[in-house]
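To start, the structure itself, in structure tokens.
The values are calculated or read from the model by the stated rules, or taken from the named source; none is laboratory data. This structure is a prediction, so every number in the text was calculated from the model and none was measured. Note that each Cβ is placed from the backbone with ideal geometry, even for glycine, and that neighbours are counted across all protein chains shown. Please note that ligands, DNA and RNA were not included when accessible areas were found on the heavy atoms of the full protein model with its side chains. Shrake-Rupley method; radii C 1.70, N 1.55, O 1.52, S 1.80 Å.
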Amino acid sequence: MQNLSFLSKALALAAFAAFAASPAAATVRTAQGQTYWSGDPGQVDPGAYWSGGQDHFDPHHYLSWYGGDPQDYQMTVYSTHRGAARCVWRERVINTYWDFQHPYVRVCD
């Protein structure tokens with residue numbers, strides 16, 4: 001029985017150490033109703049919405065709205081950030097299936 005207790009404590013300590021050392025321990029920010037991690041996600045593949053140039057023809061982000069959900073999801077939000085460029089990519093906090101399908105948000109200041 002003591003081995004089981006030791007094992008559970010060791011696993012809990014390992015999980016806490018992994019969480020504390022992970023980049024996901026960055027702060028969560030919210031801008032215009034969109035929640036994202038404050039850290040730079042590195043190299044991203046934002047998907048066809050950006051690489052296909054649809055963002056140039058959709059200034060009000062109507063194409064980013066998912067009709068099955070009443071919330072207006074946005075692909076670009078405006079908030080201060082620490083990036084050198086005017087617009088940077090940030091990783092969304094995954095709360096819904098739509099967030100899972102669109103894992104990045106563009107943050108501009």
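Please determine whether any residue of segment 13-21 is open to solvent by less than 100 Å² (accessible area, probe 1.4 Å) and modelled with pLDDT of 60 or more. No. With respect to the stated conditions, residue 37 fails to be hydrophobic (A, V, I, L, M, F, W, C), at pLDDT below 60 and within 19 Å of residue 97 (Cβ to Cβ). Residue count for segment 50-83 under the criterion of being modelled with pLDDT under 80 and either surrounded by 11 or more Cβ atoms within 10 Å (Cβ to Cβ) or of a type in the set (Asp, Glu) (or both): the result is 12. Looking only at residues of segment 1-12 that are surrounded by 10 or more Cβ atoms within 10 Å (Cβ to Cβ) and either of a type in the set (A, V, I, L, M) or modelled with pLDDT under 60 (or both), we find that the one that is nearest to residue 108 (Cα to Cα) is 12.
Residues that are assigned to a loop (DSSP other than H, G, I, E, B) and open to solvent by 30 Å² or more (accessible area, probe 1.4 Å) within segment 84-109 comprise 84, 85, 86, 94, 95, 96, 102, 103, 109, listed in sequence order.
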